[in-house]
Structure formats: C-alpha cells, structure tokens
1. Have a look at GLY288, LEU17, ILE264 and report the one farthest towards the positive end of the charge dipole of the chain, computed about the Cα centre with Cβ charges (Lys/Arg +1, Asp/Glu -1).
2. Could you derive backbone 3J(HN,Hα) for region 41-48 from the dihedral phi with the Karplus parameters 6.51, -1.76 and 1.60 (θ = phi - 60°), listing whole Hz in sequence and x where the residue is Gly or Pro?
3. Can you work out the FRET efficiency for the pair MET1 and THR66, with r the C-beta to C-beta distance and R0 = 25 Å, to the nearest 0.05?
4. Which loop trypsin sites (Lys or Arg not before Pro) in region 1-60, with loop taken from DSSP, have no more than 13 other Cβ atoms within 10 angstrom of their Cβ?
5. What is the helix-to-structure angle for 150-171, meaning the angle in degrees between its Cα long axis and the longest Cα principal axis of the chain, kept from 0 to 90 and rounded to the nearest 10?
6. Just one of [x] 25.2, 87; [y] 21.5, 68; [z] 22.1, 74 is Rg and Dmax of the Cα atoms in Å calculated from these coordinates, so which is it?
7. Would you mind calculating the relative contact order of the chain from Cα pairs under 8 angstrom and at least 6 residues apart, reporting the percent as a whole number?
8. Taking the chain as the reference, fit the longest principal axis to its C-alpha atoms, fit the long axis of helix 292-311 to the helix C-alpha atoms, and give the angle between the two in degrees, 0 to 90, nearest 10.
Amino acid sequence: MKKRVGILTSGGDCPGLNATIRGVAKALYQRMGGDVEIVGISNGYDGLIKGEWRVMQQDEFSGILTRGGTILGTKRTPFKLMKVVGEDKVDKVAAMKQNYKKMELDCLLCLGGNGTHKTANLLSEEGLNIIGLPKTIDNDIYGTDVTFGFHTAVDIATEVIDRIHTTASSHRRCMVIEIMGNKAGWLTLYSGIAGGADIILIPELPYDIQKVCKAIQKRSEQGKPFSILAVAEGAYDVEEAKLKKKERAAARAAAGETTATNRIARQIEAMTGFETRVCVPGHMQRGGSPSAYDRVLATQFGVYAAKLVEEGVYGVAVAMKNGVVGHNPLPEIAGKSKLVPEDCEMLSVARRMGISLG
C-alpha cells in the first residue's frame, strides 16, 4: 500500500534543510520505490494551516544537497498562538488536522527548532503521525548532541572573527562582534574559541562590564593594543540579570537598544579610552551552502527519518546521541532547551586559554 509522507520546514532557515529533505526523499524512494509519495507543504505550519501543498516529483530532490535555505519555504508561526483564534477566525489546530486528512497523509515530517518541535508534539497529541528533525544554528534542541545547521554557522561566524582580527590589529581597536543566539551561547562559544576571540559573552553567564574592561586593559599592558569580543545577541549583564525578561526588554527599548553590543562598545570606550566598533554579521550566519559536516549530518538524519517512516515509528524526534543517530519521544524534548551548562567542557577550555567570559 502506497504511503503519503508530508514534509514541512518551519522557523528560521539554515544550511542543511535541503540536504535533510533530500536524505529523506532519496532513502524513501530507494527503499519503497513507487510505493511512496512525498507531499511538500509550503512555508511551514502556515502552509499546513492554509492548505498550501503539492505532490512532489522525484527529480525535485536532485541537485539540492549543496543548496542553502529550503525549497519548501519557511515561516515563523509561534507555538503560543497555535491555540489562539485570531481576527481571521481560523482554528489553527483544527485546520492543520483537517488539511492533514485532506492530503491523505500517513505521516508528517517537521524540520525545525524548538518552536517547531512544540507544535509537532501538539499535533502528535492530537493523533497525527509526526516525526521531528532538529534544525537550528543555535544547537539548543534538547536531547540531541548536535543540530544540522550549527556547524556551518560556526564556520561562518569564525570566518567573520578571523577577518575582524586584521582590521582590529591594524587600527588598534576593540571590535565587538554580535553573534546570533538569543537564549543559547553555543554558536558564540564555539566560534569565539575557533576564531581566537579574547572575550566571549553568552546569555548563560551574565557579564560584568568591569571585568570585560579589565581584560582589555590587561591585554594592553601585555603589549596587545586590540581586543576581539564575541558577544551573543542575547547576552546581558549582571544588573540586567536581576530583572525579568519583560523588564529587560523595556529598559533596552527606553535606551534605544535591542541587544547589548552597542552599549558594551560605548562602555568600553568610556571606561578604557580604546576606540571600539561593532560588527553585526546577522543573517549571513544562516545563509549559503552547508558545510561538509552538515551535509553528512543532514543526510544521516534524513535517512534515519525515512527508516522511521518505513517502520511506522511516530511521535518522535530524530537525534544524535553519543555519536549515534537515534530518536527521542516528542513529549520528552518539546518545550525544553539545551543551554550551555556551568560545567560545560568548552567553558573550561576557554578559561584555561585565558579567554575572559565577563
């Protein structure tokens, strides 16, 4: 009996989405031949709600291994709004269930990050056959050692830091580089170490600007008249740590700030006298072709998801655990984040290298 498999990509894009889609498709066609149909859903859960889908042809999955972004399109549809009926009067959960049935799907593969997995779990609880695949440059999905997209973003952010070194040393400046990551500091930590940053600030460790400036002064006294700071966009200082999230956001809005980097730059200039500049690579960290590592990882995840489809194992999310691809029950990982822990080995590495963590 022919199986109909739906695929959607939700949330922010990242390198490796197309490689994962390809891995799923090629493995399914290889194992099941004409007994499988793949249904592509446009723009994530938004397309599932609106019924925007098409049956895909086998040749659509060729030539996309190296392509960044997603051939299906993606959109952010916040989990907190899934059960809220808005001005359009659409019951989103009911619409997704109805369209799942209209498409005559046997299962649905949801490629995305934390929010995507929360909605995937919701749909699983509603009785749909769901498999999640962990995508994010933040590497913060609970239950998996690594997510596809992370290593490529590390490569890109590291190259930014590499390039900043030459202009920082030439002009004897402090350079504050804003790396993506609102809640988790994995990307900043790894790229900061790989790029030779002198100071790394992440959301999990509120920083003390006095310690930051002391580290810069110490470098100057050692004959190093420039400093590189890798700062996660979600980093905040010890005073902000005393505030609730909404209070921090309100205080920053009143100061005309969205992230800490510009404030850090101003404070460094005022407290040390060093000329300081901010560099924001932004969405470049999400773009371009996936690295060789992410192509392999995405293919591994896609092939494993195809195996789950073939075996009829649903209500789970694919994961890499201790170097082996497996899966976790969706209820156990949905709504949880994997943040940098206090005893993280990479924090110890940074400290032993003399990198200041603020």
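1. The residue sitting most towards the positive pole is ILE264.
2. Karplus-based 3J(HN,Hα) across region 41-48 equals 9, 7, 6, x, 5, 4, x, 5 Hz.
3. Calculated transfer efficiency: 0.10.
4. LYS2
5. 20 degrees
6. Evaluating Rg and Dmax of the Cα atoms in Å on these atoms matches [z].
7. With pairs under 8 Å counted, the relative contact order is 24 percent.
8. Once rounded, one gets 30 degrees.
The values are calculated or read from the model by the stated rules, or taken from the named source; none is laboratory data. Values in this document were obtained by computation on a predicted structure and should not be read as measured data. With ideal geometry, Cβ positions are generated from the backbone for all residues, glycine too; neighbour counts draw on all protein chains shown. Accessible surface is based on the protein model in full, side chains and every heavy atom, while ligands, DNA and RNA are left aside. Shrake-Rupley method; radii C 1.70, N 1.55, O 1.52, S 1.80 Å.
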